[in-house]
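Input: a single structure, listed below in structure tokens.
Values quoted throughout were computed directly from the atomic coordinates according to the rules given, and no laboratory measurement underlies them. Because the structure is predicted, anything quoted here is derived from the model rather than measured. Neighbour counts run over all protein chains shown; Cβ positions are idealised from the backbone, glycine included.
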Ligand SMILES: Nc1ncnc2c1ncn2[C@@H]1O[C@H](COP(=O)(O)OP(=O)(O)OP(=O)(O)O)[C@@H](O)[C@H]1O
Ligand SMILES: [Mg+2]
């Protein structure tokens, strides 16, 4: 493709190696001005790496970058910002106890004559940009007090404040609720109509169809061309990305539930501030069934999971696992009652990033004789064991057993956790946002795995903020609102509208 | 070239590079101050390695800082900053002295008891710091610094107490000589020994003129054991997991609080061993009044950092450190240059250790240059054919 000023960003023949591993193999990217351009690819395909190169965080080994038709040597984020490039990372980088304004001007402070910080002027500037793009954020609110969606808008504001004309968004919707996603898409369209160019990475095909003009596809570090989004659909995008036909519909047989394995009675749990988040909740999960908990973030899901895992104390009520009460014990005790949990925040609860992959796959059970007699840990055994998991769960790159966990892409880290928890052959599997950040191929795999676990006889509690996921995978759908179950349905007997209403508190109670 | 690149990517490269930079900076400072750098370095090496006696002394002085270094490195690898090595060292010297003064048993009992008392003292103090962190969330650096001072004054209190004070001196009574671990302590002063050693002058010098003792061998074994503990055992695995990510470890059912206490206990025990070996191995074999902290713990910090926080790495690092300090005294005697120059050198080394990124950069730069050359070579080939 010719280099031309019609394009805001052109990256040609980008090669990037990490040691012997080629993450990007001569990848091209051509982004027209004033468009929304999506990048689609499986977990570990190299999307984030490509954007990190554009933002100056990594240097390409080969290839050229052109901004508005001019060759650019972007050697640092400072240089990228100077050229009008802004990036919002998947993990926000905000100072929790600073105000919105303070966060936005951090590193680019407005100073008066004597080098004194001019907060008033800064505040006005922030307010002006916020109003221009209809962000409606409160410049004086503290970050810790505002919602995740709002925090993300602050990140975008921060980039705009620094004069960004080209905005990179890396998986911006992974943590948002459906209304917040709608709002974000609206903002994106507004930004392009005002002259900005947006590059968005997302695994949600629906969002690409709704927001993007064009979509470039990368498969295992190789550029597979770009498609005009108007002429594409979900199945088409998915199969181009994976290189085979992906079944977007979850296929499963009828459940054959057995005895109740997890039984929760009148459970009340308070958060750290002492406010009740789970209120007299009752819930049963039987062997051989998947119970999906539908609900909007912040309705007690986190506290419920923490209480089941014995990470926090319950105020009242019982959690029974196979007939034994396990509330207010220890995580170890719960695990020994054959409960395995896939946590929602993989970096915080799920993984020890600086340790090797093979050390991470045995976090709960390294003490067993299987991994060494007595006090010694047998690394040969770990290696062998992890190798089978890597193969079985297609964790990439293959042969990553002795890499640090931090070197794996987000999606593959998630696969490693799922592999670990399923390998425990649990009686009860708690899956909290198990497909967060996963590509469609991997999501298909996780769903199949959950169903296979169900068919093996496990009791599965699926908690997800994605309504589609809950509706597709669960045999029974429970709706949680304000820490209480406000509705319970068999799969197929309820539609999205009714569930949405209940989730928003519009129940008959 | 490939070997060079590979080498530069290893952690040890940054240590060696830092040492080199340390020498260069010291040379510049010496030259600016009007001293001959070459002559000074010659005096330094002469002073550290010139005679068997010097070498013996370097080893003797390396023993305690090797152990405190291992203690600090061990804690560091599990996410804790044990700046309390100094206090744990002092606690050990106090307990070792008290036990050694009070008990008078045959050597086979006296030596283990005296050493165990010290180790237990260091371990208890370390565990206390760990407990405060695990139970109340008080940062270990704060409690460590406080316990350092508490131990210093406790030491002075014990020295001056009637039960242990040696009259007309600034020290406590020495421990009973059955607790000494000086090599061939009894024998080497006898006539038979003088005769036997007459034929081997280097051994005679090392034995008779110094307190050469078994401590260094013990310390090396401990360093190796700690390395294995961390890298190859289930306990070490748990400690590292807790150190890197407490939340994930907790979630996985690893008892996090117990791990923190245990880690500080082990670290404190190793620092305590340093103190115990100094009491049993080196004259005056007891505690003395301390005007300020002796620095065994703080030098351990430097050793641990020079070693890149590897327990085994502390072995060469402690020898280097002690060689510089001991040999540095000769720089003053021979060249008249202030021995502070050695402190500048050590400071520089520790400072540059903190920049491992530098060596990695050099490796990457070499790699790129090599690839560019290869590409240029390919391009040149068809030209040749034409
Ligand atoms: N710093 C690094 N060191 C070693 N390997 C890395 C590093 N960063 C990325 N990789 C590897 O490069 C590949 C691409 O990673 P990248 O994070 O770009 O993937 P991605 O497309 O963003 O995936 P995901 O959708 O899962 O976030 C992965 O295989 C990853 O393991
Ligand atoms: Mg990514």
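Which residue is farthest from the other protein chains (Cβ to nearest Cβ), if the candidates are limited to the stretch A:393-416 and must be within 16 Å of ligand 2 (Cβ to nearest atom) and more than 17 Å from residue A:220 (Cβ to Cβ)? Taking the candidates together, the pick is A:414.
Put simply, of B:83, B:60, B:65, B:90 the only residue that is buried (at least 20 other Cβ atoms within 10 Å of the Cβ) and in contact with a strand residue (DSSP E or B) (Cβ under 8 Å, 6 or more places away or on another chain) is B:60.
Only residues that are more than 7 Å from every other protein chain (Cβ to nearest Cβ), without any contact (Cβ under 8 Å) to a residue 12 or more places away in the chain and farther than 20 Å from residue A:293 by Cα were counted across the stretch A:335-355, and they come to 1. Of the helices (runs of 4 or more DSSP H) lying entirely inside the stretch A:1-113, those containing at least 2 residues that are within 16 Å of ligand 1 (Cβ to nearest atom) span A:47-54.
Considering every residue within the stretch A:374-394, establish whether at least one is within 15 Å of ligand 1 (Cβ to nearest atom), in contact (Cβ under 8 Å) with a residue 24 or more places away in the chain, buried (at least 17 other Cβ atoms within 10 Å of the Cβ) and on the phi < 0 side of the Ramachandran plot. Yes.
Can you give me the number of residues within the stretch B:117-136 that are more than 13 Å from residue B:262 (Cα to Cα), in contact with a helix residue (DSSP H, G or I) (Cβ under 9 Å, 6 or more places away or on another chain) and free of Cβ contacts under 8 Å to residues at least 12 places away in the same chain? Qualifying residue count, the stretch B:117-136: 0. Looking only at the stretch B:249-266, residues that are surrounded by fewer than 18 Cβ atoms within 10 Å (Cβ to Cβ) and within 9 Å of chain A (Cβ to nearest Cβ) come to 1 in all.
Listed here are the residues, each with its yes/no results for (1) farther than 30 Å from residue A:308 by Cα; (2) surrounded by fewer than 24 Cβ atoms within 10 Å (Cβ to Cβ); (3) in contact (Cβ under 8 Å) with a residue 60 or more places away in the chain; (4) within 16 Å of the chain's Cα centre (by Cα).
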| position | (1), (2), (3), (4) |
| --- | --- |
| B:209 | yes, yes, yes, no |
| B:213 | yes, yes, yes, no |
| B:217 | yes, yes, no, yes |
| B:241 | no, no, no, no |
| B:247 | no, yes, no, no |
| B:277 | yes, no, yes, yes |
| B:309 | yes, yes, yes, yes |
| B:314 | yes, no, yes, yes |
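Among the residues here, residue A:432 qualifies as within 12 Å of chain B (Cβ to nearest Cβ), in contact with a strand residue (DSSP E or B) (Cβ under 7 Å, 6 or more places away or on another chain) and crowded, with 16+ Cβ neighbours inside 10 Å.
Return yes when residue A:56 is touching a residue at least 12 places away in the same chain (Cβ under 8 Å), within 16 Å of ligand 2 (Cβ to nearest atom) and either touching a helix residue (DSSP H, G or I) at 6+ places or on another chain (Cβ under 7 Å) or more than 14 Å from chain B (Cβ to nearest Cβ) (or both) and no when it is not. Taking the combined requirement at face value, the residue does not satisfy it. Of all the criteria given as (1) at the interface with chain B (Cβ under 7 Å from one of its Cβ atoms); (2) surrounded by fewer than 18 Cβ atoms within 10 Å (Cβ to Cβ), the one not satisfied by residue A:363 is (2).
Taking the criterion of being without any contact (Cβ under 8 Å) to a residue 60 or more places away in the chain, out of contact with any helix residue (DSSP H, G or I) (no Cβ under 9 Å at 6 or more places or on another chain), within 30 Å of residue A:500 (Cα to Cα) and surrounded by fewer than 20 Cβ atoms within 10 Å (Cβ to Cβ), would at least one residue in the stretch A:107-120 satisfy it? The answer is no, given that none of the residues of the stretch A:107-120 is without any contact (Cβ under 8 Å) to a residue 60 or more places away in the chain, out of contact with any helix residue (DSSP H, G or I) (no Cβ under 9 Å at 6 or more places or on another chain), within 30 Å of residue A:500 (Cα to Cα) and surrounded by fewer than 20 Cβ atoms within 10 Å (Cβ to Cβ).
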